Amino acid sequence: MAVDRNVSDEPLLLPSGGQPRRASKLAKSLARGTLKLAMWTLFLAWITMFFVIPTEVGTDFYSDWEDATSGTLYGTQGSVLLLYSAPILLIAVLAVPYLLLSGGQEDDAIAEQKKSPGLRLRTFPVLVDGVFGVVSAAEFIGIAMFVAFVLWAVYWYTVVNFEMLPSYGDLTPLEKRVQMLQMSAYIFGLTALTCLAFLFLPVARGSILLRLVDIPFEHATRYHVWLGNLTMFLLTMHGLCYFIVWFIRGIVLESIIEWKSDGGANFAGVICYCFGFTMWVTTLPPVRKRFFELFFYTHQLYIIFVIFFALHVGDTYVSKAAGGIFLFMLDRFLRFWQSRRKVDVISATSFPCGSVSLVISKPKNLQYNALGFIFLQLRDISRLQWHPFSVSSSPLDGSHHLSVLIKSVGEWTGKLRNSVSDLLVSQTQLYGPNASIVASVEGPYGHESPYHLMYKKLILVAGGSGISPFLAILSDVLHRVRDDKPCLPRDILLIWAVKRSNEISLLSTIDMDSICPSFSDKVNVDIRVFVTRESEASLEEGKIEKVVSLNTRSRGGSMSVLVGTGNKIWSGAYVVISILGFLITLALLDACYLNPYSISKWWYRGILFVGCMFVSVIIFGGGVVYFWHRSENVTPAGEEDREESERIGYMLDQETTQYKLCENTSVSYGQRPDFKEILGSVSDSWGCVDVGVIVCGPQTLQSSVAKEIRSQDLRRKNNSPVFHFNSHSFDL
Ligand SMILES: Cc1cc2nc3c(=O)[nH]c(=O)nc-3n(C[C@H](O)[C@H](O)[C@H](O)COP(=O)(O)OP(=O)(O)OC[C@H]3O[C@@H](n4cnc5c(N)ncnc54)[C@H](O)[C@@H]3O)c2cc1C
Ligand SMILES: NC(=O)c1ccc[n+]([C@@H]2O[C@H](COP(=O)([O-])OP(=O)(O)OC[C@H]3O[C@@H](n4cnc5c(N)ncnc54)[C@H](OP(=O)(O)O)[C@@H]3O)[C@@H](O)[C@H]2O)c1
């Protein structure tokens, strides 16, 4: 191992400060602690409620609760809303001051990292392959809790139903069974509704809740997938049981088309299920992988799904899932506004392997960290498609731009590569009048905290295009080392598996020596490239490769700051005011229409309820977005912006037209990295320390690394490192 050099083990810089700073820090941490306690209490009470309600005690409590609140302004719908959705909305509201107080605390958090190494629930892989992929201990607990909840709810509802059976009069044994089946159908529906309460939470990309728990959208989508499968399974059981009951009773057709006013509208339920089922089928891995567009566009049917769901179950039941749906609506609305802006691509670089690097203009006040990613739309290629890409730059590379590195793997990325090549060929001058790429951008999303800075030892494992985020991490660390900013990593081992050697030139997008001259005195960087599909060097180490780049014409368009992960005050105000607006709109609806006119049709009340959610997002959320947008326009794009843009393009033309492997890079041919050997040797030389392992690459690569980490951690000796598994997934 070339990683054990003579480098001090202390953090590069510990924050200093006097008495007032310490006092304000203490006050802040006290306030944060109180908020955290309040949010945890609410969350645990919420979860407990889900477990208690199906039991006999819970059933009694629920009907008492309904009776007690039925005469109030919000009525039964309000009491259900309070029980099921208010806790999560309140947590979202409390998260606003919590995140505000956490702002700027990252550096302190880095410096205050706990010293003694140990396993953590979030980073210890329990399952390493199979249908769930790599599952951490924390995720395993989550899965177990959901499974336990479903079994628990079905069991208790069945017990309660069984006890209710005599109340249906003298039934024959067959009628009893049919009645039980009908009640079971209802139970499955109720349980699916609980899953629905969680289903939308992980896919609100810039959601305050994801920021709060520091789980990026890219990672959270897997929870949505798991929950989606469970919800659809339960809905299928719900529909199937009803169908069998109707079949036995010989009333299939009339039951299917029934549209009751006082009770669930069956036909709306059937339509809702059909749309849900279509979405479900297209999410299956073979369809999703091969026909991503089909999956994606079919998934937009969720709008119709929600509408017919509301028509089917009415306002009281919609209230159970309203919290998650409302937070999703908020996110979707903000995304709509952000994505309307035309953004300049400042520069484009084409690499011999077909990858393209784009530098995109962003305003100074739009923050991101090196673990972020954006969604990109290029209208010249497709007006509908949005593709996610990790940032390959550090925020410290420049405040007015970010970069992405895009590998050509399919239709869209192939067209991008061709467009950039065409532009390069057609430009005789660097700043030709026609050289222009205009994009729309959404994001940045990603990790709230830069966790890569919190490990003294880092192992970065990339497969193919998975190198992108690691270029950002390397750059980030080197900038911090140069500027003496808090940053723990001292030993960085980058393992990169590529199929072909022509991909190696992508390393040229980071010039470590120019970011931090003599960086090797302060931080050990060891880069090991494994070329898996070539048995020998087709280009010898150090051989020069050509990389071409051009500056595109700037039209002055920069990314919009209207994003959930943007300014904490504005995004917080957006959440809080919209939630208040929703409650006000609902109260007005109840007070001015539903109550005075005694509107009781379930389906009608259901659709009005969803309408209220929509209207409050548009009016109240829209109001905040309007002022937020105006404040954005006040921030001048400025000369500085343009100068930096021009500098970036020029820098690339000057410095990356040729590339040479740097001395700390080794290349092996015809073999995959052997993680047993790599982690084993690190284990011997690094001693007892927390080692952050971040993997970005194919599922198989993630599994191999997770498997080895699990095995190393389980048979770890006192003086060995604790490996922490973190993944960065490119598969939505
Ligand atoms: C969070 C994240 C970060 C990523 N970062 C990078 C990066 O830095 N560099 C890079 O080269 N690639 C990155 N990718 C992968 C990149 O998004 C896909 O390679 C690209 O979208 C493929 O589009 P295509 O039409 O050319 O390929 P296709 O042949 O249409 O698709 C190939 C595969 O790409 C995936 N895919 C296709 N379209 C989309 C889409 N709109 N959204 C999500 N996945 C899609 C599907 O799994 C599909 O099977 C990232 C993906 C994610 C989810
Ligand atoms: N390619 C796409 O169409 C596409 C699109 C969207 C997202 N993604 C995702 O993006 C990431 C990178 O894709 P990519 O196409 O750029 O990668 P790639 O070219 O397929 O390269 C992956 C590299 O990782 C190696 N590898 C795979 N499994 C391994 C294991 N278990 N142990 C050691 N090495 C292993 C491969 O070796 P071998 O050559 O021996 O297999 C290969 O060299 C993946 O997460 C992928 O799922 C890919």
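Would you please report the Å³ per residue occupied by the convex hull of the alpha carbon atoms in the stretch 286-338?
Here the figure is 108 Å³ per residue.
Compute the separation of the alpha-carbon centres of the stretch 136-189 and the stretch 252-278 and state it in Å as a whole number.
21 Å
Please work out how much accessible surface Asp513 shows to a 1.4 Å probe, ignoring ligands, DNA and RNA, in Å² rounded to 10.
Accessible area of Asp513: about 90 Å².
On a 1.4 Å probe surface of the protein chains, which of Tyr297, Tyr242 comes out largest in accessible area, and what is the full order?
My answer, sorted largest first, is Tyr297, Tyr242.
With the alpha-carbon atoms as the only input, what is the per residue convex hull volume for the stretch 458-510 in Å³?
69 Å³
In deg cm²/dmol, rounded to 500, what helix-only [θ] at 222 nm does the chain give when every DSSP H run of at least 4 residues adds -39500 (n - 2.57) and the total is split over its residues?
Value at 222 nm, helices only, nearest 500: -17000 deg cm²/dmol.
When only alpha-carbon atoms count, how far does the stretch 171-248 stretch along each of its three principal axes, as whole angstroms with the largest first?
Sorted largest first, the three principal extents are 56, 16, 12 Å.
Give me the accessible area per residue for the chain, probe 1.4 Å, as a whole number in Å².
Normalised by residue count, the accessible surface of the chain is 45 Å².
At a 1.4 Å probe radius, carbon and sulfur cover how many percent of the accessible area of the stretch 348-417?
47 percent
Which of the trypsin sites (Lys or Arg not before Pro) found in the stretch 346-454 are in a DSSP loop and have at most 14 neighbouring Cβ atoms, other than their own, within 10 Å?
Filter output for the stretch 346-454: Arg379, Arg383.
Taking only the C-alpha atoms, wrap a convex hull around the stretch 232-302 and report its volume per residue in Å³ as a whole number.
Hull volume over Cα atoms, normalised by residue count, gives 95 Å³.
Tally up the carbon and sulfur contribution to the accessible surface of the stretch 486-536 as a whole percent, 1.4 Å probe, everything protein left in place.
41 percent
Pairing the Cα long axis of helix 56-69 with the longest principal axis of the chain, what angle in degrees results, from 0 to 90 and rounded to the nearest 10?
Here the helix axis deviates by roughly 80 degrees.
Considering only Cα-Cα distances, which of the following residue pairs are longer than 24 Å: Lys260/Lys320; Lys364/Lys407; Lys364/Lys568; Lys176/Lys320; Lys28/Lys364; Lys289/Lys362?
Lys364/Lys407; Lys176/Lys320; Lys28/Lys364; Lys289/Lys362
Tell me the label-point distance for the pair Val425, Cys274, using the 7 Å Cα-to-Cβ offset, in nm and rounded to one decimal.
The modelled label-to-label distance comes out at 4.9 nm.
Once R0 is set to 45 Å, what does the formula 1/(1 + (r/R0)^6) return for the Cβ-Cβ distance between Leu73 and Leu240, expressed as a FRET efficiency to the nearest 0.05?
Taking R0 as 45 Å, the efficiency between Leu73 and Leu240 is 0.70.
Quick check: pseudo-label points 7 Å beyond the Cα along Cα→Cβ at Arg630 and Leu42, how many nm apart are they?
Distance between the two pseudo-spin positions: 3.0 nm.
Could you tally the net charge around Ile467, taking each other residue with its Cβ under 14 Å from the Cβ of Ile467, Lys/Arg +1 and Asp/Glu -1?
+3
No solvent, one uniform scatterer per C-alpha: report log10 I(q)/I(0) for the chain via the Debye equation at q = 0.05 1/Å, two decimals.
-0.28
Out of the DSSP beta bridges found with both residues in the chain, what percent are antiparallel (nearest 5)?
In the chain, DSSP labels about 50 percent of beta bridges as antiparallel.
Give the residues of the stretch 185-205 whose amide nitrogen is closer than 19 Å to a point set 7 Å from the Cα of Met49 in the direction of its Cβ.
What the label zone holds, given the 19 Å backbone N cut-off, is 190-202.
With all protein chains present, calculate the accessible area of Cys274 using a 1.4 Å probe and round the result to the nearest 10 Å².
Roll a 1.4 Å probe over it and Cys274 shows about 70 Å².
What base-10 log of the normalised intensity I(q)/I(0) is obtained for the stretch 32-152 from the Debye formula, alpha carbons as equal point scatterers, at q = 0.13, 0.14, 0.16, 0.18 Å⁻¹?
-0.81, -0.90, -1.05, -1.15
Based on the inverse mean of 1/r over its pairs of different Cα atoms, what is the Kirkwood hydrodynamic radius of the stretch 377-420, in Å?
After inverting the pairwise mean of 1/r, the radius is 11.8 Å.
Could you please state how large a percent of the accessible area of the stretch 230-321 is carbon and sulfur, counting protein chains only and using a 1.4 Å probe?
78 percent
Show log10 I(q)/I(0) for the stretch 667-721 at q = 0.14, 0.16 Å⁻¹, two decimals, from a solvent-free Debye sum over equal Cα scatterers.
Taken in order of the listed q values, log10 I(q)/I(0) reads -0.40, -0.52.
Modelled label-to-label distance, Asn719 and Asp484, 7 Å Cα→beta-carbon offset: nm?
3.5 nm
With r as the distance between the Cβ atoms of Ala537 and Arg249 and R0 = 60 Å, compute the FRET efficiency 1/(1 + (r/R0)^6) and round to 0.05.
Between Arg249 and Ala537 the formula returns 0.20.
Taking a cut-off of 20 Å, what percent of all Cα-Cα pairs in the stretch 316-446 are separated by more than that?
Considering the stretch 316-446, 50 percent of its Cα-Cα pairs are separated by more than 20 Å.
Please determine, in degrees from 0 to 90 and to the nearest 10, the orientation of helix 468-483 with respect to the longest principal axis defined by the Cα atoms of the chain, where the helix direction is its Cα long axis.
So the helix axis and the longest Cα principal axis differ by about 60 degrees.
Plugging the Kirkwood radius over Cα pairs into Stokes-Einstein for the stretch 368-508, at a temperature of 20 °C and a viscosity of 1.002 mPa s, what D comes out in µm²/s?
128 µm²/s
For a Förster distance of 60 Å, can you work out the FRET efficiency between the beta-carbons of Asp60 and Glu663, rounded to the nearest 0.05?
Rounded to the nearest 0.05, the efficiency is 0.20.
Using only Cα atoms and rounding to the nearest 10 degrees, what angle (0 to 90) does helix 568-589 make with the longest principal axis of the chain?
Taking the Cα atoms of the chain, the angle to 568-589 is about 10 degrees.
The values are calculated or read from the model by the stated rules, or taken from the named source; none is laboratory data. The structure presented is a predicted model; accordingly, all values stated were derived computationally and were not measured. Virtual Cβ from ideal backbone geometry, glycine too; neighbours counted across all protein chains shown. With ligands, DNA and RNA removed, areas are computed over all heavy atoms of the protein, side chains included. Shrake-Rupley method; radii C 1.70, N 1.55, O 1.52, S 1.80 Å.
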